[in-house]
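For reference, the structure discussed in these notes is given below.
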Amino acid sequence: MQTTAADHAGTHEAEEDARNDRLILWLDGTLVPKAEARVSVYDSGFMMGDGVWEGLRLYNGRWAFVDEHLDRLFEAARAIDLDIGMDRAALLAALEATRAANGMHSDAHARLMVTRGIKARPFQHPHFSRSGPTVAIIMEHSRPRLPRPVRLATVPHIRGLPMSQDPRLNSHSKLNCILACIAAQKAGADEALMLDVHGFVNTTNACNVFIVRKGQVWTSTGDYCLNGITRAKVLMLCRRHAIPAFERNFTLVDAYSADEAFLTGTFGAQTPVGMIDGRIIGSGQLGPVTARIRDLYKALVAA
């Protein structure tokens, strides 16, 4: 059966905005119209998924938690032995130039991407990446549109061990998560709930996972998921405001019987989960603890 975008309410659903047809993007030091932004088919990111990236959110003229995002970008680049070729100040200036070129003040999202550059030949060895790196910024007018709490389906795909591909890296190599998302959508869900190598609840294909049980907030240990910045802020806010919060192993049984569940990510902040594997979670709507955390997070961003 053919499905449409309306059948799914993934965590990155956004309102349509005609201004996105005439965006200005940043590519290797130059501001270019969206229609003219081109990357070589020999680029390492296109050819091999060899690169790292960050997503950033613009609120009232400021990039939320930009220092943490840049910390994570540079740490990931070091981990894969990639020289970004720009320092923090230059990347901040590029973000600001792109923001100004598009006249953006709030409700905007940026994807800052760095690849190992253009290859001399179409093979995987980094030695062939002789021109680069490639640095690009896509910036869109983007107001989240979530018509209802999202539905999750547990999938067989897991976030693996760090010696295979460290799941804490925000890398361009996303095929595992894409396959998980496809499996979830074929099961009638919006996103995939992925377990860790021990069978404990871990993450979704795109976001970090939290559940609420008897007033306590639980999330995974963090050993096998992206070290989400919004995730860290939620844990910090819970501890600051006397909401019991734990990073711990928990199972699907714990998730199915939770009072609330929500996802965290830069784009959607805190997204309520209404159903997991066909089981309604709590009331199936935004719960009171999630609502309080959402308000605390909004205040933190505003501050």
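For the reader, a short list of remarks on this structure follows.
- Any hit, region 295-302, residues being surrounded by fewer than 22 Cβ atoms within 10 Å (Cβ to Cβ), modelled with pLDDT under 95, in a loop (DSSP other than H, G, I, E, B) and of a type in the set (A, V, I, L, M): no
- First in region 71-89 and more than 15 Å from residue 132 (Cα to Cα), second anywhere and assigned to a loop (DSSP other than H, G, I, E, B) and modelled with pLDDT under 95, Cβ under 6 Å, 6 or more apart: 76/169; 76/170
- Scanning region 127-172 for residues that are surrounded by fewer than 16 Cβ atoms within 10 Å (Cβ to Cβ) and not charged (D, E, K, R) turns up 127, 131, 147, 156, 160, 161, 162, 163, 164, 165.
- Checking each residue of region 246-268 against the condition of being among the small types (Gly, Ala, Ser), more than 26 Å from residue 56 (Cα to Cα), crowded, with 16+ Cβ neighbours inside 10 Å and modelled with pLDDT of 95 or more gives at least one match.
- Within region 32-46, the residues that satisfy the criterion of being part of a helix (DSSP H, G or I), over 23 Å from residue 21 (Cβ atoms) and touching a strand residue (DSSP E or B) at 6+ places or on another chain (Cβ under 6 Å) are 44, 45.
- Residues in region 10-22 include none that are assigned to a strand (DSSP E or B) and modelled with pLDDT of 90 or more.
- Condition check for residue 209: under 15 Å from the mean Cα position of the chain (by Cα), closer than 19 Å to residue 296 by Cα and hydrophobic (A, V, I, L, M, F, W, C): yes
- Leading residue by the ranking (surrounded by the most Cβ atoms within 10 Å (Cβ to Cβ)) among those in region 58-69 that are part of a helix (DSSP H, G or I) and in contact (Cβ under 8 Å) with a residue 24 or more places away in the chain: 69
- Residue count for region 214-239 under the criterion of being touching a residue at least 60 places away in the same chain (Cβ under 8 Å) and assigned to a helix (DSSP H, G or I): the result is 6.
- From 154, 115, 134, residue being at pLDDT 95 or above, among the β-branched types (Val, Ile, Thr) and farther than 30 Å from residue 194 by Cα: 134
- Criterion applied to 29, 55 was being under 23 Å from residue 208 (Cα atoms), surrounded by fewer than 19 Cβ atoms within 10 Å (Cβ to Cβ) and not polar (S, T, N, Q), and the one residue passing it is 55.
- Matching residues in region 269-286 - criterion: being part of a strand (DSSP E or B) and among the hydrophobic types (A, V, I, L, M, F, W, C): 269, 273, 275, 276, 280
- If the condition is being in contact with a His (Cβ under 7 Å, 6 or more places away or on another chain) and within 28 Å of residue 106 (Cβ to Cβ), then region 12-50 contributes 17, 19, 20.
- Tabulated pairs, region 244-268, first assigned by TED's automatic domain parsing to the domain that holds residue 216, second surrounded by fewer than 17 Cβ atoms within 10 Å (Cβ to Cβ) and part of a helix (DSSP H, G or I), C-beta under 7 angstrom, 6+ apart or interchain: 245/239
- Subset tally (residues that are more than 26 Å from residue 176 (Cβ to Cβ) and of a type in the set (Ser, Thr, Tyr)) for region 40-72: 1
- Residues of region 161-194 satisfying the condition of being of a type in the set (Val, Ile, Thr) and farther than 24 Å from residue 69 by Cα: 182
- Looking across region 114-147, the residues that are closer than 12 Å to residue 28 by Cα and among the hydroxyl-bearing types (Ser, Thr, Tyr) come down to 115, 131, 134.
The values are calculated or read from the model by the stated rules, or taken from the named source; none is laboratory data. These figures come from a predicted structure and were not determined experimentally. All Cβ positions, glycine included, derive from the backbone under ideal geometry; neighbour counts span all protein chains shown.
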